[in-house]
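Presented below is the structure to which this report refers.
The values are calculated or read from the model by the stated rules, or taken from the named source; none is laboratory data. Please read these numbers as outputs of a predicted model, since none were measured by experiment. Every residue, glycine among them, receives a Cβ derived from its backbone with ideal geometry; neighbour counts consider all protein chains shown.
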Amino acid sequence: MHTNGHRILLVEDDRFLRRACEVSLRQRGLVVIPAADGEEGLRLAGAEVPDLILLDLLMPKLPGIEVLRLLKADPATKNIPVLILSNSSRERDMQEVMQLGAAGYWIKSNLSLKELGERVMGFLGANDSGGQTDSARRG
Amino acid sequence: MTDAADVLDLAALSRLREAVSADESSSLLIELVEVFLSDAPERIAAMRQAVPVGAAGAVGMAAHALRGSSTYLGARGMAQICRALEALTEAQPVAGAIPLIDQLDHEFQRVKVALELQLGGHAR
């Protein structure tokens with residue numbers, strides 16, 4: 001499989017969504033590192049230092065919000081962009097993660113796998129050239 | 001007899017297939033359906049076990065997770081019931097969740113048949 005060099009850490013506890021997103025993103029040439037819960041995601045973020053983290057919020061062991069807080073408090077991981085992928089459309093959840101330093105908040109149920117892939121590629125392209133898309137700031 | 005189109009949003013299944021190359025789409029869809037058919041009963045059972053002990057958070061988390069996979073597979077009815085369960089666990093005593101969990105279980109049986117029809121018996 002040809003890859004474009006970008007490495008994505010996908011932190012998603014639901015194995016259906018994790019597998020679907022993993023295959024879809026891999027088909028776009030991305031290297032996908034899957035993590036099944038927040039603890040594993042935090043460990044892999046430090047060990048692998050990916051180019052981008054896709055992070056679910058509602059997870060067992062360590063919720064996504066705590067993962068985000070710990071990532072942004074660690075000098076080794078604080079500069080990795082984190083995009084939140086959640087089914088929650090609560091305004092307070094969105095505000096909290098953006099204040100903690102998330103690069104965007106996307107609502108999973110609003111996105112097909114194809115759209116998710118397009119948005120990730122758009123985000124990576126914008127990030128490479130030093131900018132961000134509006135859709136990355138708010139899903 | 002279940003008519004798949006009554007139970008499933010077939011366009012959602014098409015979108016799943018389109019997300020990956022033709023080489024992988026059939027095997028991925030079969031794999032995802034197998035994961036769904038294995039996970040959904042476990043999540044419904046987890047909800048049932050959580051109700052008597054008043055664990056609203058556990059019911060809500062299981063419903064939240066099941067809503068995601070139901071949406072991607074086009075199981076609209078299940079996704080709607082899961083959304084209702086999430087809302088209920090935030091606002092009311094969790095004991096009131098049992099009728100919705102029964103409804104979810106019933107809808108899952110219909111979805112299971114519809115998915116098996118769609119995949120021509122390839123899913124376990």
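Side notes on the structure shown:
- Test: residue in segment B:46-54 that is touching a helix residue (DSSP H, G or I) at 6+ places or on another chain (Cβ under 9 Å), closer than 26 Å to A:Ile107 by Cβ and either at pLDDT below 90 or buried (at least 22 other Cβ atoms within 10 Å of the Cβ) (or both): yes
- Here the helices (runs of 4 or more DSSP H) wholly within segment B:1-87 that include at least 1 residues being within 9 Å of the chain's Cα centre (by Cα) and either at the interface with chain A (Cβ under 10 Å from one of its Cβ atoms) or among the aliphatic types (A, V, I, L, M) (or both) are B:22-50, B:56-73.
- Test result for A:Glu22, within 23 Å of B:Leu66 (Cβ to Cβ) and away from chain B (no Cβ under 14 Å): no
- Of everything in segment A:46-61 that is within 20 Å of A:Trp106 (Cα to Cα) and either at pLDDT 95 or above or touching a Leu at 6+ places or on another chain (Cβ under 9 Å) (or both), the residue that is surrounded by the fewest Cβ atoms within 10 Å (Cβ to Cβ) is A:Asp51.
- So B:Asp9, is it of a type in the set (Asp, Glu) and either on the phi > 0 side of the Ramachandran plot or crowded, with 16+ Cβ neighbours inside 10 Å (or both): yes
- The set of residues in segment A:117-129 being surrounded by 20 or more Cβ atoms within 10 Å (Cβ to Cβ) and closer than 16 Å to A:Ala20 by Cα consists of A:Gly117, A:Val120.
- Condition met for A:Pro60 (closer than 16 Å to B:Met61 by Cα and in contact (Cβ under 8 Å) with a residue 40 or more places away in the chain): yes
- Residues in segment A:27-52 that are in a loop (DSSP other than H, G, I, E, B) and touching a Gly at 6+ places or on another chain (Cβ under 6 Å): 1 in all.
- Residue selected from segment A:24-35 under the condition at pLDDT below 95 and out of contact with any Ser or Thr (no Cβ under 8 Å at 6 or more places or on another chain), by the criterion surrounded by the fewest Cβ atoms within 10 Å (Cβ to Cβ): A:Arg26
- Of all residues in segment A:3-23 being under 14 Å from the mean Cα position of the chain (by Cα) and either basic (Lys, Arg) or in a helix (DSSP H, G or I) (or both), the one that is modelled with the highest pLDDT: A:Arg7
- The listed residue being within 14 Å of chain B (Cβ to nearest Cβ), surrounded by 20 or more Cβ atoms within 10 Å (Cβ to Cβ), of a type in the set (A, V, I, L, M, F, W, C) and under 14 Å from the mean Cα position of the chain (by Cα), out of A:Leu85, A:Leu71: A:Leu85
- Test: residue in segment B:90-106 that is surrounded by 21 or more Cβ atoms within 10 Å (Cβ to Cβ), touching a residue at least 24 places away in the same chain (Cβ under 8 Å) and over 12 Å from the mean Cα position of the chain (by Cα): yes
- Residue in segment A:11-24 that is farther than 30 Å from B:Glu34 by Cα and either hydrophobic (A, V, I, L, M, F, W, C) or in contact with a Lys or Arg (Cβ under 9 Å, 6 or more places away or on another chain) (or both) present: no
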